[in-house]
Amino acid sequence: MTLMKYLFAAVAAIVVLCLAHFDPALAQDAAAGTPATPPPSPINTGDTAWMLTSTALVLMMTIPGLALFYGGMVRKKNVLATIGQAFGATCIITVLWMVIGYSIAFTTNDSESLNKWIGGFKYFMLKPMTIDAVSPLAGTIPESVYMCFQMTFAIITPALIAGSLADRMKFSAFMVFMGAWLVLVYSPIAHWVWGGGWLGQMGALDYAGGTVVHLNAGTAGLVVALVLGPRYGLGKENMAPYNLVYSVIGASLLWVGWFGFNAGSAVTANVNAGMAMAATQIATAAAALSWMVCEWIIAKKPSILGIVSGAVAGLVAITPASGFVNPTGALIIGIAAGAVCYFAAVHVKKMLGYDDALDAFGVHAVGGALGAMMTGMFASSAINSVGKGWLIDGNGHQMLIQFYDVAGTFVYCAIMTFIILKVIDIFIGLRVPQAVEVEGLDINLHGEVVQ
């Protein structure tokens, strides 16, 4: 019996020593004979589950969604190069977002005046991010999940630019451009609107990226198209899409993934996410019908590419408004987006003569700017107390704030994109030689072809 007492005491001492190694507070409680009570965690499992799902949905928008959407619209000789751009962008942006992009966009700077323009560098390599850390911008989910969710936004935004440079840019130049543009353009603008910068402080309404993502990417696309110049043989050779089935599948994946984009931007599984999902579905369908009707009247036939392009235009335009407008507002925004983006992508582009190959500017920049301005018109405090718009709440000043958001994003993006392109051109060149462009990027840049 005495031996048993000694054995029990020895086991208890070992347990206390082990607890002391990992957590001295637990050891003290164990020694005192009272169970330790961990502090309550702010992390909500339901919100976390929804945001994990949303993150996967938004990643799906780029690979495989955008890859197939763009890949199907180029010529057969450039299919792999186009799909490879989406995949390559996903890889390099993921790494750079982890290293520095997230820190620039979503942490604060020690200087209050400097914080209006750029975030801090304290999250370099994500060093301060512990397993149970939460962001002040998303207090009910792990910060690792919020970081990954925002990473998927950072991935698709530069990848959208590939629609304007299709068929003629070096892969090496493309990869360098993706990295530089993420750090110097996307991350600062994301900070301006969502990370505590000057546009967010001013009260700009951008629920899920009308200006941060779409106007930003579309503006860069226009600059790239102008700097590179038109594709060789444009207007003389047949440049019909290789496989529209790929494009329809890609657009469908974009539509489904966009619910993670917009409803996920609530960052919680709540009523705001539900209304954002409803607004997204309504606006997308309305825009597809609007584009289809315009094309049917003018071109006499409703093309399948036109219908899916209209759907994407609706997705773009409702993005900034999705968490602020009611279903009627979503319907109006969708109808307007389909018609306006149709004329921008089909007729204005032809009239001005720039070669935006896959209409990144006509759909994303025009649709994003339109959606941002219409958010100021139809935002309703009954849907979201933060959003008080002009037509419903009588807040006409919101239209001016939205204009500052659009103008600031456009000007900064255009200037910085031009500078980045010129620097890359000096060191490694931007465009493939004419012979490579004629033969095809797949075989010349990647040594592979589609059979």
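The values are calculated or read from the model by the stated rules, or taken from the named source; none is laboratory data. Everything quoted here is computed from the prediction, not taken from an experiment. FYI the Cβ positions are ideal-geometry reconstructions off the backbone, even for glycines, and counts take in every protein chain you see.
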Do we have ILE63 as crowded, with 17+ Cβ neighbours inside 10 Å, touching a Ser or Thr at 6+ places or on another chain (Cβ under 8 Å) and without any contact (Cβ under 8 Å) to a residue 40 or more places away in the chain here?
yes
Conditions (1) touching a helix residue (DSSP H, G or I) at 6+ places or on another chain (Cβ under 7 Å); (2) of a type in the set (A, V, I, L, M, F, W, C); (3) closer than 26 Å to THR82 by Cβ; (4) crowded, with 18+ Cβ neighbours inside 10 Å; number of the one not met by VAL406:
(3)
Subset of region 266-281 [under 16 Å from ILE333 (Cβ atoms) and either among the β-branched types (Val, Ile, Thr) or in contact (Cβ under 8 Å) with a residue 60 or more places away in the chain (or both)]:
MET275, ALA276, THR280
For the subset of region 166-184 comprising residues that are of a type in the set (A, V, I, L, M) and closer than 15 Å to LEU445 by Cα, which member is surrounded by the fewest Cβ atoms within 10 Å (Cβ to Cβ)?
MET175
Check region 104-120 and report whether any residue there is of a type in the set (Lys, Arg) and free of Cβ contacts under 8 Å to residues at least 60 places away in the same chain.
no
Of the numbered conditions (1) in a helix (DSSP H, G or I); (2) farther than 20 Å from THR82 by Cβ; (3) in contact with a helix residue (DSSP H, G or I) (Cβ under 7 Å, 6 or more places away or on another chain), ALA269 fails exactly one; give the number of that condition.
(1)
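Does MET61 qualify as being under 24 Å from the mean Cα position of the chain (by Cα), in a loop (DSSP other than H, G, I, E, B) and modelled with pLDDT of 95 or more?
no
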Would you mind finding the one in VAL436, VAL386, VAL411 that is of a type in the set (Val, Ile, Thr), more than 25 Å from ALA339 (Cβ to Cβ) and over 24 Å from the mean Cα position of the chain (by Cα)?
VAL436
Is region 324-345 home to any residue that is assigned to a loop (DSSP other than H, G, I, E, B) and buried (at least 22 other Cβ atoms within 10 Å of the Cβ)?
yes
How many residues are crowded, with 16+ Cβ neighbours inside 10 Å and not hydrophobic (A, V, I, L, M, F, W, C) if we restrict to region 273-306?
7
Identity of the residue in region 248-272, more than 23 Å from ALA288 (Cα to Cα) and of a type in the set (A, V, I, L, M), that ends up surrounded by the most Cβ atoms within 10 Å (Cβ to Cβ):
ALA266
Return the residues of region 126-152 that are of a type outside the set (A, V, I, L, M) and touching a helix residue (DSSP H, G or I) at 6+ places or on another chain (Cβ under 6 Å); say none if nothing qualifies.
SER135, THR140, CYS148, PHE149, THR152
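Looking at LEU184, LEU137, can you tell me which residue is of a type in the set (A, V, I, L, M, F, W, C), under 21 Å from GLY120 (Cα atoms) and modelled with pLDDT under 95?
That would be LEU137, the only listed residue that is of a type in the set (A, V, I, L, M, F, W, C), under 21 Å from GLY120 (Cα atoms) and modelled with pLDDT under 95.
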Report every pair of residues separated by at least 6 positions or lying on different chains whose Cβ atoms are under 7 Å apart, first residue within region 350-377 and in contact (Cβ under 8 Å) with a residue 24 or more places away in the chain and within 17 Å of ASN262 (Cα to Cα), second of a type in the set (D, E, K, R) and part of a helix (DSSP H, G or I).
ALA372/ASP405
Here, helices (runs of 4 or more DSSP H) confined to region 106-199 with at least 2 residues that are within 23 Å of VAL58 (Cα to Cα) are 143-160, 162-165, 171-181, 187-194
Of (1) in a helix (DSSP H, G or I); (2) over 21 Å from the mean Cα position of the chain (by Cα); (3) not hydrophobic (A, V, I, L, M, F, W, C), THR55 fails just (2)
Given region 361-451, what helices (runs of 4 or more DSSP H) lie entirely inside it while holding 3 or more residues that are among the charged types (D, E, K, R)?
397-427
Considering region 360-393, residues that are at pLDDT below 95 and either closer than 30 Å to VAL227 by Cβ or among the small types (Gly, Ala, Ser) (or both), and then whichever is surrounded by the most Cβ atoms within 10 Å (Cβ to Cβ), we arrive at GLY387
